[in-house]
Each structure stands twice: as C-alpha cells, then as structure tokens.
Amino acid sequence: MAHAFDVIVVGVGSMGASTCWHLARRGLRVLGLEQGPIPNPEASFAGLTRAIRLSYAEHPDYVPLLQGAYKYWEVLEEESGEEILRLTGALYMGPPNGELVSGASLSAEQHGLAHTLYTHAELEENWPQFQLPDSFEGLYEDKAGYLLSERAVEAFVAEARKHGADLRGGEMVTNWTTTNSGVRVQVGNNEYSAQHLVIAAGAWTGKILNDMSLPLVVTRQVLGWVAPPRPDNFISDKFPVWVIDGNKGEGVHYGFPITPDGSGGEGLKLALHWPGKKVDPSTVIRDKLPNDDSDIQDALIRYLPSGRGPLLSQRVCLYTNSSDGDFIIDRHPKFPQVSLACGFSGHGFKFASVIGEVLADLATNGKTDWPIGFLGLSRFAR
C-alpha cells in the first residue's frame, strides 16, 4: 500500500514542530496535524520565554540531551535568521541540601560543567535584589539563560515548511489505527496514511493514547509580569534567570530578567513552577481567576520585595506531569509504527530542539543514539 506520507506528527507544538523540522530536513514526506491554529497560542510554549540551563537539578542524565539541545537551538537560529537563545546566566537558590542546589551541583560535577557556588552572604552581595532565608545558598552558571519560546516554534514551523512539510491547523485527530504497513489517522471525515505516527500532543496526549493509561496529570500554571519600582535593577546585565527552591515544601518559583525590547513581555516575569492545580485540558479556564496572582505576589513578598509592583499581565500554561516528573519518550509498546513524547512536567521546552531529532530517529530507524533509556515506558512497569 502506498502511503501519502512517511510520517504523521500529531501536535505541532514545541516537540511536534521540532520533529516536523528534523524530519523535513531529512527529505521525508511529513504531515503535521494541530487541533488549533499553527502556532497555537494556547499551547504550552505560550508566554514568550522559557528558561534553559545545563547544571540540571532534575537529574544528571539529562545533561547530554541538553548539550544537544544547545547545538540545535544554534542550528535553528542559523537556518531561520532569528535570535532565539539568550545567555544571561542562571542562579539557583535554596537550602544547600535541597533538591535544587544539590541536584544542580551533582550534574555540574558529574559532567564537568563550569559553575560557581555562593554562600548566603555572597548571594546578598552579588544580587541584592533578593531577600533570602539565612540558610539559603546558591549555584550560578554562565551558560544558561532563556529561549524566546513562541519565536522558536514559529521558526520550527517556517523552516519545516521550507523543507516541504505539510503542516495543517484546525485538524483535531478523532481516531488512529495501525495497519500491516503503517498507520491511518482520522480527522473528522478525512483519513491520512503514513508509515509512522508520532504523537506529541502535549496536554491532550493522554486522551489520544487513552488505551495506555499513561501516568499523566495536567495542571494549570499561571505566569505573570509585574512592574517593579526600579526596572533598571532587573535587566540582564544585573539580574539573571533564577530559580528558588522554598523551604519545607513552599514550592519552586522562577523568573527572568526584564527585556527592554519587549521580546520577553512587558515587565518582570515570574511564576510558580510547583505545585499546580489539576485540570482537564479541554475545559480549563484560561481567563483570570480570583487569587491567580497570589503565587506571584507570594514570591515577590517572600524573596524579591524590591521587584514588587502591580501585575501587568498574566498567561495560563498547562503542564503535563508524569508520575515521577521525568519525560516519557518511547515507541508504543504494542505498535512499533507509533512513537510518543509526553509528560514534560513543566521543564521540557528547553529540550525541544533535540527531542525533535530523537523522535525523527525513532520514526525512521526505530532507535536513537541519544541517551533516552531513562525516559522509557518500562520504568513504570518496574
């Protein structure tokens, strides 16, 4: 049976758009299907910026993937002519034995990454904008900063199309089936066929793969921008990307420097990374709810009083959280002609440029040289 496409990608967000780009660069016939417009303003990359860092607190095994991601962000910049990656440095603060500082230190040491440890007094001296508990220490790395996330996905889409990818918005997948020679994907009354299917549908992945009972929980996360009284103290030459791991389960907050050109939004951006409120992605309220800004104001009151100012704007982002907080990237356990990527748990965007290559490898070769074994489905069976 002749197939109209080599690979169909369901979801043209962060990971799906990157996958389409990588596949199209290899000369493959690619169909990308997105339920909303392309790019979709309600996808999880919305909100203008996302952090990128190498000394990865989550686990040292992510570092080789991150090194690949940096490489491919630079390739995307070269191909598209767009600035996407900005290195401002990043500062991680918290109890020295907490997951953030100790985890970042472990990754930096295992992989020989340049980093500097700071005592509480040194943090106060170098970054007086913060007000931190006496017990807090910090780790700083230069090769970290942020990505212009919406611009990045636009670049993936544009470059994929230049290489011949067929990307279609307003196409909600209603069903998919496997055949002896590939897959069929149903969108309303239309049916498309391909040799391989990649499912990278973000918060909707659990619905599309409902037969697998994936351990996923979707949460609603609020991003906010405020107007600090002295904005000059928060531009990137004085103020890095930052993450704070609160004492005694007080949550993890993070933020960005002000971008005077407005590319990162108007004002000082910050958010609560963890925890979030469980929601259904199909019915989530994206408009402002009462107390939406409480987590943002709490971080300002507690850690960054010099940045406290009126809320200028906010956005809602959806996290698709796996049960252990690690990504899920694998082939379908029953159908080798299907691959999936999900459960990015609020820390995946920085990897998108390399995850696209991983998924392109799985779709074309059935395997990849990238070290993704720790992200496979088999860990849940154990």
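The values are calculated or read from the model by the stated rules, or taken from the named source; none is laboratory data. Just so you know, these numbers come straight off a predicted model, no measurement behind them. Because the Cβ atoms are built from the backbone with ideal geometry, glycine has one as well, and the counts that use them run over all protein chains shown.
Structure values in brief
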read-out: Residue within segment 95-106 that is touching a Pro at 6+ places or on another chain (Cβ under 9 Å), outside the structural domain of LEU340 (by TED's automatic domain parsing) and in contact (Cβ under 8 Å) with a residue 60 or more places away in the chain present; value: yes
read-out: Verdict on ASP298 being out of contact with any strand residue (DSSP E or B) (no Cβ under 7 Å at 6 or more places or on another chain) and within 27 Å of THR19 (Cα to Cα); value: no
read-out: SER80, sole failed condition from (1) surrounded by fewer than 21 Cβ atoms within 10 Å (Cβ to Cβ); (2) polar (S, T, N, Q); (3) without any contact (Cβ under 8 Å) to a residue 60 or more places away in the chain; value: (3)
read-out: Residue within segment 22-30 that is of a type outside the set (S, T, N, Q) and under 12 Å from ARG168 (Cα atoms) present; value: yes
read-out: Yes/no for ALA194 being touching a helix residue (DSSP H, G or I) at 6+ places or on another chain (Cβ under 8 Å) and either free of Cβ contacts under 8 Å to residues at least 12 places away in the same chain or not assigned by TED's automatic domain parsing to the domain that holds ASP287 (or both); value: no
read-out: Residue list for segment 41-67, filter: touching an Asp or Glu at 6+ places or on another chain (Cβ under 9 Å), buried (at least 19 other Cβ atoms within 10 Å of the Cβ) and within 19 Å of GLY373 (Cα to Cα); value: ALA57, TYR62
read-out: Residues located in segment 176-228, provided they are within 13 Å of VAL10 (Cβ to Cβ), part of a strand (DSSP E or B) and not hydroxyl-bearing (Ser, Thr, Tyr); value: TRP176, VAL183, ARG184, VAL185, GLN186, VAL187, ALA194, HIS196, LEU197, VAL198, ILE199
read-out: Any hit, segment 23-30, residues being in contact (Cβ under 8 Å) with a residue 40 or more places away in the chain, under 24 Å from GLY255 (Cβ atoms) and surrounded by fewer than 18 Cβ atoms within 10 Å (Cβ to Cβ); value: no
read-out: Options LEU272, LEU311, LEU300, LEU304: the member that is under 20 Å from the mean Cα position of the chain (by Cα), surrounded by 14 or more Cβ atoms within 10 Å (Cβ to Cβ) and assigned by TED's automatic domain parsing to the domain that holds GLN131; value: LEU272
read-out: Matching residues in segment 90-115 - criterion: being of a type outside the set (A, V, I, L, M, F, W, C), assigned to a strand (DSSP E or B) and closer than 16 Å to ILE52 by Cα; value: TYR92
read-out: Cross-chain or 6+ apart pairs with Cβ under 9 Å, segment 152-175 first and assigned to a helix (DSSP H, G or I), then buried (at least 22 other Cβ atoms within 10 Å of the Cβ) and among the charged types (D, E, K, R); value: ALA152/ARG50
